[in-house]
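Participant: Please see the structure below; I have some questions.
FYI, it's all coordinate maths here, none of it is from the lab. Because the structure is a prediction, the values reported are computed rather than measured. FYI the Cβ positions are ideal-geometry reconstructions off the backbone, even for glycines, and counts take in every protein chain you see.
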């Protein structure tokens, strides 16, 4: 079943479109990685998909209904949004931050019920921060903070998870944990969209890749369809080696800045 | 000051303006502050804003007369720094008023007039003393503002004004000359009399306070309210004895003389001295 | 531990309220006050306790709760621990308007001063809002910078007026800038009540949203907060709270900034838990502060803002040093 379907999606800030005519579909159990050079509009795309930023044209459908017809709180129940960073101006504890993930399920007055506490505990355990519930987030490392934000999104038990560079501060072990967590979510039937810079991480997590350049989709499809050296040269301006790996997608190794040249035809 | 040359005097407040004129030095006064309105001759003189150091200097004063009651201390300091002679009066009692008359008289070259005016102040005080001696002692406040309640403390000429009218000041000492006090003070059972300058702002403030719980004893007549001519009572100048005479006259009219028993409570608004022409100091 | 702190807070509030009603004043002893409260005693005593102290206590509760709640809400809304009604110029705008009204209005119209103060606060809020509008909507940083600018303008207005005002009006004008609960009256309390209760309801209603906004606007939107709507409502509510407080008690500093932080040190930083406790703590601090302002040099009154600062700062420093 299709969870999220964007067609001809455009949008940006203050009347200037950053995303222009993007199509993107996420079905149950699928994981989509959005890649592209800095400034390509990846985070903006994620905000448009989450309905945080209104689209200037095109449409996003969540579970078959246009996003514009949804109440914000209902969107938040369906979509777990993990921003790149949040402001920790006040030193909340790990449990307090993760508890925020239950907000879409609670009204303005209802205090958290045992069911909410259970979801919070499960989410904390899932990212491996159990035992650290009362630690103030300001005392966590950058990577641990990213895990707290992931747990916050998990606590809302979303059908779709949108993550904006969730792995930039994670060490190798936690990157593997992230792969496992997202893999498990997908196998449970959730959809995942993640913005990521690390191609090899994207290839481990996602079955489908979307490459953005200047707000447009330059390539989309399965790893084998997308991974072509010409694409890297045209979009990123680098020469890459694709090192074959038995039983999976190849490793991507950047060799040098390319001297320029080849035009890569955009996929439609 | 070379002999024979005419002294140029610039007073910085209405009270010292009045003093200069009362000493017969009106012809020496080069200009008056905007708030000065007495005696009538001042209307013919040029005016300046009290804080305007440049305007004051451009008058080329030989002597500036200032007062602790209403002159800006920083202006005085600036003028002194720039080499202008400033004489500051600090009238905190009638004795100090008499002293100021003598000193200012000497400073502007009218020493005999100074002595005469001082003697006059003292004579009027003596006269008042004999009248006040017949009055029963009462406890009083001198109100400068109703809301917040601001009163004259010991160490001010308003305190001396009360004392010479056989009134004991209920205001506390040691917290500045005109402290803000608890409005509960107006409900203190010891309070018999409230004295206030009769000007529009105070009248309006009074109209509000008698309608509030704090004004209950004022409204019921349990506390006698005496209004004094505003300029005379607010400016520690040569007309201050008039305020004292008015206060004692109002008290004598109110009390049953010699019996020590308070007259019947009557609406406070009717108990007042003759209304004075309105004029706000400054 | 938090439950115990709640009990202590309520106990402090009740004790402060009782002391405010009963503590001997210049005109009557504590025993007389108690008798008056019980319906006995002299008419004067009853007037003092029921006519003066009770409205003053009620005004203190309202003003303290209003300022502290506004501070806590603005801190969360702008995700900035330094935000408070002062920094944002809301109190300053009200004070400038009230001072101007004091200097300019005919004495018979001085009853309009509270309304003018509220209008001033609303105007300052609107100005800050307008200046803070960037290409991406109002940003917290721009808002605080705008607040600093509005504040500077407000102080300039106040100082200009104070230096030009006719001297008989100065006491009243100064009272506005110094802050005092002395003009409390039953009508003032009744007037202020809706300006406290309605915004308080709005802010408590959005307590959870404010907690999410404290982590940033994108983060809050992702968790279902209608950011634009909530921001507008919270700002209006804070303007009403501060405008009302300034209108009836003048400018009282410190409460809006420090009470929320005092509460954070005891109850943690979760906004929804914090807001109601901030109200109670603000009310308690204001009543205690006013009690000290009235009694320390009785019958002379100190500016209550000075007292709340003197009371709160050592406590604040102690908690700051102790907290991890």
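Participant: Can you give the angle from 0 to 90° between the axis of helix B:200-209 and the longest principal axis of chain B, with both taken from C-alpha atoms, to the nearest 10?
Facilitator: Here the helix axis deviates by roughly 30 degrees.
Participant: Could you work out the helix-only [θ] at 222 nm for chain B, with each DSSP H run of four or more residues adding -39,500 (n - 2.57) and the total divided by the number of residues, to the nearest 500 deg cm²/dmol?
Facilitator: -11000 deg cm²/dmol
Participant: What is the helix-to-structure angle for A:114-126, meaning the angle in degrees between its Cα long axis and the longest Cα principal axis of chain A, kept from 0 to 90 and rounded to the nearest 10?
Facilitator: 40
Participant: Using the count of nearby Cβ atoms within 10 Å as a rough guide to exposure, how do B:101, B:125, C:242, A:63 rank from fewest to most?
Facilitator: By the 10 Å Cβ count, ascending, the order reads A:63, B:125, B:101, C:242.
Participant: Right, another one. Restricting to bridges with both residues inside the protein assembly as shown, how much of the DSSP beta-bridge set is antiparallel, in percent to the nearest 5?
Facilitator: Counting DSSP beta bridges with both partners in the protein assembly as shown, the antiparallel share is about 45 percent.
Participant: Under Stokes-Einstein, with the Kirkwood radius over Cα pairs standing in for Rh, what whole-number D in µm²/s applies to the protein assembly as shown at 37 °C and 0.692 mPa s?
Facilitator: 102
Participant: What does the extension gain come out to for residue C:228 and residue C:142, with contour length at 0.36 nm per residue minus their alpha carbon separation?
Facilitator: Extending this stretch completely gives an extra 29.4 nm.
Participant: Right, here's the next one. Assign one of three labels to chain C, namely rounded, prolate or oblate, based on the Cα gyration tensor with a ≥ b ≥ c the square roots of its eigenvalues; rounded applies when a/c is under 1.5, prolate when it is not and a/b is larger than b/c, and oblate otherwise.
Facilitator: In terms of gyration-tensor shape, oblate.
Participant: I would also like to ask the following. Just order B:131-142, B:186-197 by mean Cβ neighbour count inside 10 Å, highest at the front, would you?
Facilitator: Ranking the peptides B:131-142, B:186-197 by packing returns B:186-197, B:131-142.
Participant: Over the whole of B:81-87, what's the average partner chain Cβ count within 10 Å per residue? Rounded to a whole number, please.
Facilitator: Shielding by partners across B:81-87 averages 0.
Participant: By count of other Cβ within 10 Å, fewest leading, how are C:121, B:153 ordered?
Facilitator: Ascending number of Cβ neighbours within 10 Å: B:153, C:121.
Participant: Let me ask something else. What residue among B:250, B:214, B:165 shows peak mean-square fluctuation when chain B is described by a Gaussian network model with Cα springs under 10 Å?
Facilitator: B:214
Participant: Taking Cα atoms, how many degrees apart are the long axis of helix B:111-132 and the longest axis of chain B, rounded to 10 and kept between 0 and 90?
Facilitator: Taking Cα atoms only, the helix is inclined about 0 degrees.
Participant: How many nm separate the modelled label positions at residue C:164 and residue C:112, each set 7 Å beyond the Cα in the direction of the Cβ?
Facilitator: Between residue C:164 and residue C:112, the simple spin-label model gives 1.8 nm.
Participant: Under Stokes-Einstein, with the Kirkwood radius over Cα pairs standing in for Rh, what whole-number D in µm²/s applies to the range B:9-90 at 20 °C and 1.002 mPa s?
Facilitator: Translational D for this selection: 175 µm²/s.
Participant: When Cβ neighbours within 10 Å are restricted to other protein chains, what is their mean count per residue of peptide B:214-220?
Facilitator: 3
Participant: Along the principal axes of its C-alpha atoms, what lengths does chain B span, in descending order and rounded to whole Å?
Facilitator: Cα spread of chain B along its principal axes, largest to smallest: 62, 36, 35 Å.
Participant: Can I ask one more? For chain C, set up a Gaussian network in which alpha carbons nearer than 10 Å are linked by springs, and say which option among C:194, C:55, C:85 fluctuates the most.
Facilitator: Per the Cα network of chain C with a 10 Å cutoff, C:194 tops the list.
Participant: FRET efficiency for residue A:256 and residue A:1, Cβ-Cβ distance as r, R0 = 41 Å, nearest 0.05?
Facilitator: Result of the calculation: an efficiency of 0.40.
Participant: Find the Rg to Rh ratio for the range A:134-206, where Rh is the Kirkwood radius over alpha-carbon pairs and Rg uses the same atoms.
Facilitator: 0.95
Participant: Roughly how many Å is it from the Cα centre of the range A:127-145 to that of the range A:65-126, as a whole number?
Facilitator: 17
Participant: Taking chain B as a Gaussian network, Cα atoms linked when under 10 Å apart, which of B:89, B:68, B:17 shows the biggest mean-square fluctuation?
Facilitator: Its mean-square fluctuation being the largest, the pick is B:68.
Participant: Let me know the mean shielding of B:201-210 by other chains, meaning the per-residue number of their Cβ atoms within 10 Å of its Cβ.
Facilitator: Mean partner-chain Cβ count within 10 Å for B:201-210: 3.
Participant: Under the rule a/c < 1.5 gives rounded, and otherwise a/b versus b/c splits prolate from oblate, where does the range B:136-273 land using the Cα gyration tensor?
Facilitator: Rounded.
Participant: Let me ask you something else. At residue A:27 and residue B:124, where each label point lies 7 Å from the Cα along Cα→Cβ, what is the point-to-point distance in nanometres?
Facilitator: Calculated label separation equals 10.7 nm.
Participant: Rounded to the nearest 5, what % of the DSSP beta bridges within the range A:2-257 are antiparallel ones?
Facilitator: For the range A:2-257, the DSSP antiparallel bridge percentage is about 60.
Participant: Another question, then. Over the Cα atoms of the range B:171-249, what Rg and Dmax result, in angstrom?
Facilitator: 13.5, 38
Participant: So, R0 is 25 Å and r is the distance between the beta-carbons of residue B:88 and residue B:112; what FRET efficiency does that work out to, to 0.05?
Facilitator: With a Förster radius of 25 Å, E is 0.65.
Participant: Follow-up. Distance in nm between label sites at residue A:225 and residue B:95, each 7 Å beyond Cα in the beta-carbon direction?
Facilitator: That separation, rounded to one decimal, is 10.7 nm.
Participant: Over all Cα pairs of chain A, how is the pair count split among 10 Å bins, expressed in % and running from 0 up to the last occupied bin?
Facilitator: That works out to 7, 29, 35, 22, 7, 1, 0, in percent per bin.
Participant: Report, in deg cm²/dmol and to the nearest 500, the calculated mean residue ellipticity at 222 nm for chain C, where each DSSP H run with n ≥ 4 adds -39500 (n - 2.57) and the sum is divided by the residue count.
Facilitator: -24500 deg cm²/dmol
Participant: So, one more: Between the range C:23-90 and the range B:41-89, what's the alpha-carbon centroid distance in Å?
Facilitator: Cα centres, the range C:23-90 to the range B:41-89: 45 Å.
Participant: Now for a separate question. From the helices alone, meaning DSSP H stretches of at least four residues, give me the mean residue ellipticity at 222 nm for chain A, per-run term -39500 (n - 2.57), in deg cm²/dmol to the nearest 500.
Facilitator: Computed mean residue ellipticity for chain A: -9000 deg cm²/dmol.
Participant: When a/c is below 1.5 the answer is rounded, else prolate if a/b is larger than b/c, else oblate, so apply that to the range A:1-159 with a ≥ b ≥ c taken from the square roots of the Cα gyration tensor eigenvalues.
Facilitator: Prolate shape, in that a/c is at least 1.5 and a/b is the bigger ratio.
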